[in-house]
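These notes concern the structure reproduced below.
What follows draws every value from the coordinates through simple rules; no lab data is involved. Computed from a predicted structure; not experimentally measured.
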Amino acid sequence: MSGSSAGQLYGRMDLDGNVLLEDANGDIVTSIDADVCPVDSKLSARQEHPDGITLTRSDAAKLGVVIEGM
């Protein structure tokens with residue numbers, strides 16, 4: 001798992017249409033330097049999320065996340 005403050009973010013869409021963030025190595029991203037809150041969390045994405053960060057598709061698009069299969 002990793003944090004990400006720079007570089008391209010990637011994502012995998014789940015069955016609910018939300019996006020789990022990954023880095024270029026395919027590792028799950030656990031914190032990012034962005035003003036968004038992960039799905040089902042009241043904490044900022046700047047905080048550590050040990051299970052990874054899942055964003056809405058809209059928030060992922062605003063951050064320029066490359067979504068697998070799109």
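Numbers below:
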{"quantity": "For the chain: rounded, prolate or oblate by the Cα gyration tensor [a/c cutoff 1.5]", "calculated": "rounded"}
{"quantity": "Residue-span extension gain [Val66 to Val39] - 0.36 nm each, minus C-alpha spacing", "calculated": "7.9 nm"}
{"quantity": "Beta bridge orientation in the chain: antiparallel %, DSSP, nearest 5", "calculated": "60"}
{"quantity": "Length gained when the stretch Leu15-Gln47 is fully extended (0.36 nm per residue, less Cα-Cα span)", "calculated": "9.0 nm"}
